[in-house]
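Have a look at the structure below before the remarks.
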């Protein structure tokens, strides 16, 4: 797992994966007390960065494996990323999703041509289901984060950030990354180590699902005690990945933990000031920049806005409860 | 008013005006029955394309005029565009706005440091107020569309479209533009005439505020019978501009007229499928692509999503009334 794999993934993505904009707003700078730069991955195909990893993994398969089809387990964004990448490669995808995933994510995954198999997040093991079906049907399993080509694909977001911060004259800043299993976080960290080494990646996690933050603090992998119960449905893995954790341990600064309420407030700010739609987990890095500035240093901060696949009701509620004026 | 002015405006905008992305979605293509490409100007600074023209006009002023300050009249987006451009140039702005403009637009304009003067849209003449204050205070009046440097500034959006359609291999398509007085429409038409001459610009207007569509059909300027009464608050000028109409007459295809309801439906689609927030007038071109495909030809259509400055309540209502699934 190295920078060469990320650069190779970027070449395979050319013309297929969107270069998302780096947005800023004087209104947001004022709330945060520093300049905030939002990497708008919600504008990526399928509404999240996950299409980067899905495309990377499928485009790296042998012709034979591509033809046989793929399988993935996912709370919803990896599902859509893999489903669209499979569809664009002319192959089939089976996706194992929790039965309580947001309706929009399940509907979209089906609409993108995938076969969806639902499981109970509290009582069943998605990894076990995925591996069993993979063997039974001869499908290649594309794990959501503990998969070299997936990490490489997410890392291309970091290559873009390195270019974009250079364009606006920033060399050193904290880079806040919405963190679940660590695929995006470790991919971006590897890319920035190579192309913008003074940037420091900081994972941001929901309260009670802070396994990465605790693992980084203790130096060895910790687990989350629950698998559900936060509105940040995309950020609830059991534990940091065995591939991603060593990378994060070597390259990342301390983790930051934010409440669900702060994510809802950040969703309202993103809507009003950046004109983009974010899901709770996609807004958590922005929330950290806005409401936990004392954990940061420097006059600039980069936030990944990782996804926007959220049911409309939740956004309307966030706008009503936390108006941004 | 020619392409050289647009190219000069683009050079002055470098590093200040955002190059907005051209978005697409297979879900949206399916609704429209052709490929839809959304030029996301809601992601421009101040949430609309108007910052392009504001920056262009102020950056073209003499040092002396810049120092004296500027004045503009606007329903809200030109207001914010001019206010931010003035602030970034270190000068002052007075903005004359209708008293019934969306609260967000008035608040933002004030927050950007401008002095806001409200007038009654139904009984007072904003042009007269603007010109009177301009003379009394020695301020340069920056009209919202009938102003060469403003048209040139908006035209830079067309230069970007020419580059972006070329990147995705499109040479000929209808380009649907949200149309009020015609500043954006005529600017884009001039830019595309030079850089992508097979593209055809089509203005899109709200029902009952279709002066441009009727003017193009008759060949001479027509007026709107009312000045208020559509939710497309950004698209309610009395008549096409005297500078913009001859350009539109020479270069544009027939206009398209859409209902307020179709704009709300398109706002819901933009939210769900593109993850961007659009105001009603900013969604009217997308509405035409989605719900009036029989007025279009070709397998691709480009839509300008011109702005996203809308009160949260209206978006929540659109999402509730017209769910996109």
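Checking residue A:272 against (1) touching a helix residue (DSSP H, G or I) at 6+ places or on another chain (Cβ under 6 Å); (2) within 14 Å of chain B (Cβ to nearest Cβ), which test does it fail? It is condition (1) that residue A:272 fails. With respect to being more than 14 Å from chain A (Cβ to nearest Cβ) and either surrounded by 19 or more Cβ atoms within 10 Å (Cβ to Cβ) or within 21 Å of residue B:143 (Cβ to Cβ) (or both), residue B:297 falls outside the description.
Going residue by residue through the stretch B:66-74, is there one that turns out to be within 30 Å of residue A:277 (Cα to Cα), buried (at least 18 other Cβ atoms within 10 Å of the Cβ) and not assigned by TED's automatic domain parsing to the domain that holds residue B:157? Show your work before the answer.
The initial filter retains those residues of the stretch B:66-74 that are within 30 Å of residue A:277 (Cα to Cα), namely B:74.
Imposing the further condition that a residue be buried (at least 18 other Cβ atoms within 10 Å of the Cβ) reduces the set to B:74.
Now narrow it down to the ones that are not assigned by TED's automatic domain parsing to the domain that holds residue B:157: B:74.
Within the stretch B:66-74, one or more residues are within 30 Å of residue A:277 (Cα to Cα), buried (at least 18 other Cβ atoms within 10 Å of the Cβ) and not assigned by TED's automatic domain parsing to the domain that holds residue B:157.
Residue B:278 meets the stated requirement of being buried (at least 23 other Cβ atoms within 10 Å of the Cβ) and within 14 Å of chain A (Cβ to nearest Cβ).
Only one of the numbered conditions (1) in a loop (DSSP other than H, G, I, E, B); (2) closer than 30 Å to residue B:314 by Cβ is not met by residue A:298, and that is (2).
Given the conditions (1) under 24 Å from residue B:314 (Cβ atoms); (2) within 14 Å of another protein chain (Cβ to nearest Cβ), report the number of the one that residue A:266 does not fulfil. Going through the list (1) under 24 Å from residue B:314 (Cβ atoms); (2) within 14 Å of another protein chain (Cβ to nearest Cβ), residue A:266 breaks only (2). Cβ-Cβ contacts under 8 Å between residues 6 or more apart (or on different chains), taken from a first residue in the stretch A:239-257 that is within 22 Å of residue A:228 (Cβ to Cβ) and in the same structural domain as residue A:186 (by TED's automatic domain parsing) to a second residue that is assigned to a helix (DSSP H, G or I) and at pLDDT below 95, are listed as A:256/A:295. The requirement of being within 14 Å of chain A (Cβ to nearest Cβ) and farther than 26 Å from residue B:80 by Cα is satisfied by residue B:322.
Out of B:197, B:238, B:206, which single residue is at pLDDT below 95 and either surrounded by fewer than 24 Cβ atoms within 10 Å (Cβ to Cβ) or under 24 Å from residue B:120 (Cβ atoms) (or both)?
B:238
When the stretch B:97-116 is limited to residues that are at pLDDT 95 or above and away from chain A (no Cβ under 14 Å), the one that is nearest to residue B:314 (Cα to Cα) turns out to be B:116.
The values are calculated or read from the model by the stated rules, or taken from the named source; none is laboratory data. No experiment lies behind these values; they were computed from the predicted model shown. Methodologically, a virtual Cβ is constructed for each residue, glycine included, from the backbone with ideal geometry; neighbour enumeration extends over all protein chains shown.
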